[in-house]
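The values are calculated or read from the model by the stated rules, or taken from the named source; none is laboratory data. Note that the coordinates shown come from a computational prediction; the quantities given were computed from them, not determined experimentally. Please note: Cβ atoms are built from the backbone with ideal geometry, for glycine as well, and neighbour counts cover all protein chains shown.
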Amino acid sequence: MFGKILIANRGEIALRVARTCREMGIKTVAVYSTADRDSAVVRAADQAIHIGPAAAKHSYLNAPAVIEAALQAGAEAIHPGYGFLSEDADFAEICRRNGLVFIGPPPEVLHRMADKASARTMMQEAGLPVLPGGRISRPTAQDVRALADEVGYPLIIKASAGGGGRGMAVVRHPGELLAAYRSTRATAMAIFGDGGLYIERYIKGARHIEVQVLCDDHGNTVALGDRDCSVQRRHQKLLEEAPAGGLPDGMAQEMADSAVRGARATGFRGAGTFEFLVDADRRFTFMEINCRIQVEHPVTEAITGLDIVREQLRVAAGLPLDLDALSMPRRGVALEARLNAEDPDRGFAPTAGLLTEFVPAGGPFTRVDSHAYPGYRVAPDYDSLLAKVVVWAPDREQAIARLDRALAEFRVDGPGVRTTGNFLRQVLRDPRFQAARHTTALVAEILAERTDTAT
C-alpha cells in the first residue's frame, strides 16, 4: 500500500479522501489555491502545498503544478477526486511518466472513454443497447444539420469531451439547432478545450439510472448496484438514491450485467459508473461512462457498508478487490441531497459570501460530507456544492422522512448566501417523487407549477 498520496482536488471530496487515507495509515498531501488557503482539507492533511491563484485553470487544472507538488512532497500516487483532472488521459499519462500512480483507470482507457462516440461504439459491440447518435470532431453548421437529420428530433447536443452536465443543449425542432450548436461548441471550447460535438436522440421524460462498478487488475469486475439520479437541474444532479425505486422486475440486474460487460470490454480499472436512461416504455439504453468516483458514491456506500475510496486505493496499489466485503447483501435505502449555494428562485444561480452560521444535520443514520464551517467564505470560483446530506433507512418511505428531517435542521446562513435546502424538501414531498414516478423533468415541472400558482 502507498505511504503517501497527493489529493489533486478541493472541497468535500478532498476531505473525504483524506479521511480514508488517515484510517488506512496513508499520509496525505493537499494542494490548494489562494482562495482555499483556509480550507478544511489543508488543515486535515499531513502536508499542504500552494499551487496557484483562485482560477482553477491556474491551480487545480494546472497539471505541471500538481505534478511538481507531488514530486516535491515525495508522494507515490495522486487521487484526482471528481472533476478537474480526474478523467484527463493526458494527466494520467504524465503521472505515469513521472513515476506516479494515477488512482483511476489507465490513460489508454481514459482516452477511449473520453470520446462519447468511441464509448458508444465500444458499448454497442459489448451488447449494450444504445441510442442513435454520432460525433463530429470539427463541426460545421452543415455537418451538424446533416447528422441531426439522421438522428432525428428531439435530440441533444453534447460536448464530446464534456461531463458533469456541462456543455449540453436539448433541441426539439430544426429551428433551434443552429443556436444550440453555436452555444454548445463555444462552451466545449471554453471549458474542455475541445470543440468536438456529439449528437444523440433525446428521450423526454426519462429516468437517469446509473450502476457503480469496481474493477481490479486480477480479473475481478463487480457491480455494486444502481442509483437513481433523475432529480436534476440543467442536467446536473440534485438528489440521488440507492437502489432506484420503481424499476421493472429484473431491470436492475440487467443493467448491472450490462455494466460489467461494458467495463470488461474497456479494460477498466478502479471505480467507475455506467449511466443509463430508462424511457417511458420502461426500456433502458446506455448513455455514458464516468471514469472516476461520483459525487453520489455515499448512497452506494450506505447500502453496501463499503468504503469505495478504500477500494480505489487498494486497486491502484495492485491489490485485488475485497470480494468478501463486496459480496455482502445490500440493505435498505439511502438518499443523498446536494446542499448547494444556489438560489432556486433565480434559476439556481450560484450565490457566494461569508458563512456566519453552518450547523450540519445529525441524528440516526445521517451522514454529512462537507468542507464548510462557520467563517468559511463561499467563493464564486468553484462548484457551488456546500454539503452532501446522506441518510439510510430500512425502506424508502423512512429514508424520505429522515432526509426531510435532516434538511429541516441543517442551518446555513450568511450575507447573500442561499441554498437548495428548502427546494429539495419540496422535491421530497412531491407525489411523483414519493411514488418513484419522477423523471429528469421533475425539477422543471415543479418550477413551472410554482410559477402557475404565483400567477
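Need a quick list: helices (runs of 4 or more DSSP H) entirely within segment 247-354 having at least 2 residues that are in the same structural domain as GLN434 (by TED's automatic domain parsing) and buried (at least 23 other Cβ atoms within 10 Å of the Cβ).
Values: elements: 251-266, 297-304, 308-316, 323-326.
Those helices (runs of 4 or more DSSP H) span 251-266, 297-304, 308-316.
Which members of segment 317-334 meet the condition of being touching a residue at least 24 places away in the same chain (Cβ under 8 Å) and out of contact with any Lys or Arg (no Cβ under 8 Å at 6 or more places or on another chain)?
Of the residues in segment 317-334, the ones touching a residue at least 24 places away in the same chain (Cβ under 8 Å) are 317-321, 323, 326, 328, 330-334.
Scanning segment 317-334 gives ALA317, GLY318, LEU319, LEU323, LEU326, MET328, ARG330, ARG331, GLY332, ALA334.
From the residues in segment 9-25 that are touching a Gly at 6+ places or on another chain (Cβ under 7 Å) and of a type in the set (A, V, I, L, M), which one is surrounded by the most Cβ atoms within 10 Å (Cβ to Cβ)? Filtering first and then ranking leaves ILE13.
Any chance segment 383-399 includes a residue that's within 26 Å of THR20 (Cβ to Cβ), in contact (Cβ under 8 Å) with a residue 40 or more places away in the chain and assigned to a helix (DSSP H, G or I)? First the steps, then the outcome.
Here is the first cut: in segment 383-399, the ones within 26 Å of THR20 (Cβ to Cβ) are 383-393, 399.
Checking which are in contact (Cβ under 8 Å) with a residue 40 or more places away in the chain leaves us with 383-393, 399.
From the residues that got through so far, the ones that are assigned to a helix (DSSP H, G or I) too are 399.
Yes, segment 383-399 contains at least one residue that is within 26 Å of THR20 (Cβ to Cβ), in contact (Cβ under 8 Å) with a residue 40 or more places away in the chain and assigned to a helix (DSSP H, G or I).
Being surrounded by 22 or more Cβ atoms within 10 Å (Cβ to Cβ), of a type in the set (Gly, Ala, Ser) and modelled with pLDDT of 95 or more holds for only one residue in ALA393, ALA399, and it is ALA399.
Quick grid of which residues meet (1) assigned to a strand (DSSP E or B); (2) of a type in the set (D, E, K, R); (3) assigned by TED's automatic domain parsing to the domain that holds GLU12; (4) farther than 15 Å from LEU15 by Cα:
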| site | (1), (2), (3), (4) |
| --- | --- |
| ASP38 | no, yes, yes, no |
| ARG43 | no, yes, yes, no |
| ALA48 | yes, no, yes, no |
| ILE51 | yes, no, yes, yes |
| LEU61 | no, no, yes, yes |
| ILE67 | no, no, yes, yes |
| ALA70 | no, no, yes, yes |
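GLY134 fulfils the conditions (1) outside any strand (DSSP E or B); (2) closer than 28 Å to ASP257 by Cα except for a single criterion, (1).
Quick test for you: out of ALA334, ALA259, ALA242, pick the one residue that is out of contact with any helix residue (DSSP H, G or I) (no Cβ under 6 Å at 6 or more places or on another chain) and either more than 30 Å from ALA435 (Cα to Cα) or not β-branched (Val, Ile, Thr) (or both). Spell out how you get there, then give the answer.
Details: ALA334 fails: out of contact with any helix residue (DSSP H, G or I) (no Cβ under 6 Å at 6 or more places or on another chain); ALA242 fails: out of contact with any helix residue (DSSP H, G or I) (no Cβ under 6 Å at 6 or more places or on another chain).
Unique residue meeting the criteria: ALA259.
Among the residues of segment 325-349, write down those that are on the phi > 0 side of the Ramachandran plot and modelled with pLDDT of 95 or more. The answer is GLY332, PHE348.
Among the residues of segment 158-178, is there at least one that is farther than 25 Å from GLY262 by Cα, surrounded by fewer than 20 Cβ atoms within 10 Å (Cβ to Cβ) and touching a Leu at 6+ places or on another chain (Cβ under 7 Å)?
Quick first cut of segment 158-178, residues farther than 25 Å from GLY262 by Cα only: 169-178.
Subsequent filtering for residues that are surrounded by fewer than 20 Cβ atoms within 10 Å (Cβ to Cβ) retains 170, 172-176, 178.
Then keep just the ones that are touching a Leu at 6+ places or on another chain (Cβ under 7 Å); that gives none.
No - not one qualifying residue is present in segment 158-178.
Among the residues of segment 40-83, those identified as surrounded by 23 or more Cβ atoms within 10 Å (Cβ to Cβ) and under 23 Å from the mean Cα position of the chain (by Cα) are VAL41, SER59, TYR60, VAL66, ILE78, HIS79, PRO80, GLY81.
Just name the residue that is farthest from LEU354 (Cα to Cα) out of those in segment 408-426 that are in contact with a strand residue (DSSP E or B) (Cβ under 6 Å, 6 or more places away or on another chain) and part of a helix (DSSP H, G or I). Show your work before the answer.
Taking segment 408-426 as the starting set, the residues that turn out to be in contact with a strand residue (DSSP E or B) (Cβ under 6 Å, 6 or more places away or on another chain) are 411-421, 424.
Now narrow it down to the ones that are part of a helix (DSSP H, G or I): 421, 424.
Details: GLY421: 18, LEU424: 23 Å.
Looking at the filtered set, the residue picked out is LEU424.
Take the conditions (1) within 23 Å of ARG314 (Cα to Cα); (2) surrounded by fewer than 19 Cβ atoms within 10 Å (Cβ to Cβ); (3) in contact with a Pro (Cβ under 7 Å, 6 or more places away or on another chain); THR34 misses just one of them, which is (1). The combined condition, being charged (D, E, K, R), assigned to a helix (DSSP H, G or I) and more than 29 Å from VAL213 (Cα to Cα), is not fulfilled by GLU108. Residues in segment 75-93 include at least one that is assigned to a helix (DSSP H, G or I), out of contact with any Ser or Thr (no Cβ under 8 Å at 6 or more places or on another chain) and of a type in the set (Phe, Trp, Tyr).
Scanning segment 1-31 for residues that are among the charged types (D, E, K, R) and either in contact with a Cys (Cβ under 6 Å, 6 or more places away or on another chain) or part of a loop (DSSP other than H, G, I, E, B) (or both) yields a count of 1.
Restricting attention to segment 183-201, which residues are in contact (Cβ under 8 Å) with a residue 12 or more places away in the chain and either surrounded by fewer than 21 Cβ atoms within 10 Å (Cβ to Cβ) or assigned to a helix (DSSP H, G or I) (or both)?
Let us first name the residues in segment 183-201 that are in contact (Cβ under 8 Å) with a residue 12 or more places away in the chain, namely 183-185, 187-188, 191-201.
Passing the criteria: SER183, THR184, ARG185, THR187, ALA188, ILE191, PHE192, GLY193, ASP194, GLY195, ARG201.
For segment 242-255, the count of residues that are under 16 Å from the mean Cα position of the chain (by Cα) and farther than 17 Å from ARG396 by Cβ is zero. Taking segment 202-222 as the range and being touching a residue at least 60 places away in the same chain (Cβ under 8 Å) and part of a strand (DSSP E or B) as the test, the residues that pass are ARG207, HIS208, ILE209, GLU210, VAL211, GLN212, VAL213, LEU214, CYS215, VAL222.
Could you grab me the full set of residues in segment 363-375 that are more than 19 Å from GLY81 (Cβ to Cβ) and either in a loop (DSSP other than H, G, I, E, B) or of a type in the set (Phe, Trp, Tyr) (or both)? Quick ask: steps written out before the conclusion?
Filtering segment 363-375 down to residues more than 19 Å from GLY81 (Cβ to Cβ) leaves 363-366, 373-375.
Answer for segment 363-375, where residues must be more than 19 Å from GLY81 (Cβ to Cβ) and either in a loop (DSSP other than H, G, I, E, B) or of a type in the set (Phe, Trp, Tyr) (or both): GLY363, PRO364, PHE365, TYR373, PRO374, GLY375.
Based on what the data block shows, is HIS438 closer than 27 Å to ARG282 by Cβ and within 21 Å of the chain's Cα centre (by Cα)? Considered against the rule, which asks whether it is closer than 27 Å to ARG282 by Cβ and within 21 Å of the chain's Cα centre (by Cα), HIS438 comes out as yes.
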